[in-house]
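Engineer: Structure incoming, see below.
The values are calculated or read from the model by the stated rules, or taken from the named source; none is laboratory data. Quantities reported herein were computed from a predicted structural model and do not represent experimental measurements. FYI the Cβ positions are ideal-geometry reconstructions off the backbone, even for glycines, and counts take in every protein chain you see. SASA here: full protein model, heavy atoms, side chains in, ligands and nucleic acids out. Shrake-Rupley method; radii C 1.70, N 1.55, O 1.52, S 1.80 Å.
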Amino acid sequence: NSLGNYFISGTSIAGAIRGRMSEEVRNAITGFSKEEFGRMSSLFISDLYFESGTKAVRDGVKLNEKKIVDNKFDMEVLETGAQGTLYLNYVLREGDSDYEDLIKTLITDIQQGYIRFGASKNRGYGRMNIKQVYRQEFSKCDVKKLLDFDVKNTSGYQENNEYSTWCLESKKSSEDYVRIVVPLKLTGGISIRKYSARPNEADFEQITIAIKDNNGNPKPIIPGTSWNGAIRSNVYSTLTELGDKNAKSHVDNWFGYVDLQNKSAKQSIVTFSESIIEGSNPLIITRN
């Protein structure tokens, strides 16, 4: 914003949340406008301001099927570990169906990674980890209490639970993905580059995040974009070696694409997480 504070706009959060609802429920909860018909939203969503967090610049590169650079770009991101607060205000009007259980499910969907925010959200970005859930309910007789209520005073809520406790009472998400979790151990060094122009410093460094390990070193990561690039490339190579004449079409269908020339695009149906490497030791290697 104008003060330099990082935030996610409520409109962006609303768009991501609406994508998890059926059209009927979406119109009932978040409202709609169509010709002379319409309905006011029952769910009010705040901007999400980050109380902590640092920015970083990540280098990116787009390779074609022949592993030749098509494009080189930089992207500014808010580092992993930034913390903020989101406020949801659900108004149950007389005669309306009660969708509180659905809203609980949406909160669970954020925790499970089904609802993500911002750019490259299928590539490890935009995942949120919910730490605490506060809840306060008002009846139609509590107008003054509602007007006087300080939403930022966390001690004033009637319910205050860590997410791990709260989710035991919440409605569970429905699985939309086949989840594959692969524990890995490095058997050699790794260098996913972050370039530097500082004198007397390394020309490029392993990408890290602001969170530090027990030795005070920033934790290195493998971005979801790197996983996507490596796996997408190998899937294409495997299909080509097997004689699949539609290899590119299949890969584009699975991993998504943007075709500026024909003005077409498709979102990836495969998502990747960002991997944090634990217990590593950074080394400087000089070569000529």
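Engineer: How big is the accessible area of SER226 in square angstrom, nearest 10, if you roll a 1.4 angstrom probe over the protein chains?
Structural biologist: 40
Engineer: Continuing with this model, one more query. I'd like to know which of ASN129, LEU260, PHE37 lies farthest towards the positive end of the charge dipole of the chain, counting +1 on Cβ of Lys and Arg and -1 on Cβ of Asp and Glu.
Structural biologist: LEU260
Engineer: Heavy atoms only, probe 1.4 Å: what % of the accessible area of the chain goes to carbon and sulfur, would you let me know? Write down the numbers at each step before the final one.
Structural biologist: Values: 10400 of 20340 Å².
For the chain, the apolar C and S fraction of the accessible surface comes to 51 percent.
Engineer: Next question, about the same structure. Go ahead and set up a Gaussian network model of the chain, Cα springs under 10 Å, then flag whichever of SER46, SER273, SER249 fluctuates most.
Structural biologist: SER249
Engineer: Then there's this: Can you pull the one-decimal nm distance between simple spin-label points at GLU24 and VAL178, each 7 Å off the Cα toward Cβ?
Structural biologist: Simple spin-label model gives 3.1 nm for this pair.
Engineer: Next question. Using +1 on the beta carbon of Lys and Arg, -1 on that of Asp and Glu, and nothing else charged, what's the dipole of the chain about the Cα centre, debye to 20? The partial results should precede the final answer.
Structural biologist: Details: 38 positive and 37 negative charges, 177 e Å.
Dipole of the chain, to the nearest 20 debye: 860 debye.
Engineer: Quick one: net charge around GLU137, please, counting Lys, Arg +1 and Asp, Glu -1 for every other residue with C-beta under 10 Å from its C-beta.
Structural biologist: Working: positive: ARG135; negative: GLU100, ASP142, GLU159.
Residues near GLU137 contribute -2 overall.
Engineer: Local charge sum around THR208 (other residues, Cβ-Cβ under 11 Å, Lys/Arg +1, Asp/Glu -1)? Don't skip to the end; give the middle numbers.
Structural biologist: Details: positive: ARG58, LYS194, LYS212, LYS219; negative: GLU79, GLU205, ASP213.
Here the count lands on +1.
Engineer: At a temperature of 37 °C and a viscosity of 0.692 mPa s, determine how fast the stretch 52-205 diffuses translationally according to Stokes-Einstein, using the Kirkwood radius over alpha-carbon pairs as Rh; express D in µm²/s, rounded to the nearest whole number.
Structural biologist: On the way: Rh = 20.2 Å.
Approximately 162 µm²/s, per Stokes-Einstein.
Engineer: Before anything else, pin down the relative contact order of the chain: Cα pairs under 8 Å, at least 6 apart, normalised by residue count, whole percent. All intermediate terms of the calculation are to be shown ahead of the outcome.
Structural biologist: On the way: 365 pairs, mean separation 39.8, N = 288.
It comes to 14 percent, rounded to a whole number.
Engineer: Right, another one. Once the principal axes of the Cα atoms of the stretch 141-277 are found, what is the range along each, listed largest first in whole angstroms?
Structural biologist: Cα extents, longest axis first: 70, 47, 35 Å.
Engineer: Using the structure shown, list the pairs from LYS55/LYS263; LYS194/LYS219; LYS121/LYS245; LYS55/LYS121; LYS104/LYS266; LYS55/LYS185 with a Cα-Cα distance above 20 Å, or answer none. List each step's numbers first, then the result.
Structural biologist: Details: LYS55/LYS263 32 Å; LYS194/LYS219 14 Å; LYS121/LYS245 30 Å; LYS55/LYS121 17 Å; LYS104/LYS266 30 Å; LYS55/LYS185 29 Å.
With Cα atoms farther than 20 Å apart: LYS55/LYS263; LYS121/LYS245; LYS104/LYS266; LYS55/LYS185.
Engineer: If each of TYR87 and GLN267 carries a label point 7 Å out from its Cα toward its Cβ, how far apart are those two points in nm?
Structural biologist: 2.8
Engineer: Cα to Cα, under 14 Å, and not fewer than 8 places away if on the same chain: which aspartates and glutamates meet these conditions relative to LYS212?
Structural biologist: Result set, ordered by chain and number: GLU79, GLU278.
Engineer: Right, here's the next one. Count the net charge of all other residues whose Cβ sits under 12 Å from the Cβ of THR238, scoring Lys and Arg as +1 and Asp and Glu as -1. Spell out each step's value before the answer.
Structural biologist: Numbers: positive: ARG232; negative: GLU241, ASP244.
With Lys, Arg at +1 and Asp, Glu at -1, the net is -1.
Engineer: In deg cm²/dmol and to the nearest 500, what is the mean residue ellipticity at 222 nm of the chain if only DSSP H runs of at least 4 residues count, each as -39500 (n - 2.57), divided by the residue total?
Structural biologist: Details: 7 runs with 67 residues, N = 288.
Mean residue ellipticity, 222 nm, calculated: -6500 deg cm²/dmol.
Engineer: To the nearest 20 Debye, how big is the dipole of the stretch 37-107 about its Cα centre, given +1 on the beta carbon of each Lys and Arg and -1 on that of each Asp and Glu?
Structural biologist: Details: 9 positive and 13 negative charges, 90 e Å.
With Lys and Arg at +1 and Asp and Glu at -1, about 420 debye.
Engineer: OK, next. With a 1.4 Å probe and all protein chains in place, put TYR134, TYR236 in order of accessible area, largest first. Working shown, then result.
Structural biologist: Working: TYR134 90, TYR236 60 Å².
Largest accessible area first, the list is TYR134, TYR236.
Engineer: Which whole number of Å³ per residue matches the convex hull of the alpha-carbon atoms in the chain? It would help to have the intermediate numbers written out before the result.
Structural biologist: On the way: hull volume 65.9 nm³, N = 288.
Taking only Cα atoms, the chain has a hull volume of 229 Å³ per residue.
Engineer: Above 21 Å lies some portion of the pair distances; for the stretch 44-119, what is it as a whole percent of all C-alpha pairs? All intermediate terms of the calculation are to be shown ahead of the outcome.
Structural biologist: On the way: 1530 of 2850 pairs.
Cα-Cα pairs of the stretch 44-119 separated by over 21 Å account for 54 percent.
Engineer: If exposed means no more than 12 neighbouring beta carbons inside 10 Å and the site is in a DSSP loop, what's the longest run of the chain without any exposed GluC sites (Glu not before Pro)?
Structural biologist: Values: sites that count: GLU35, GLU36, GLU51, GLU94, GLU137, GLU169, GLU175, GLU201, GLU278.
Longest site-free region, per DSSP loop and neighbour criteria: 202-277.
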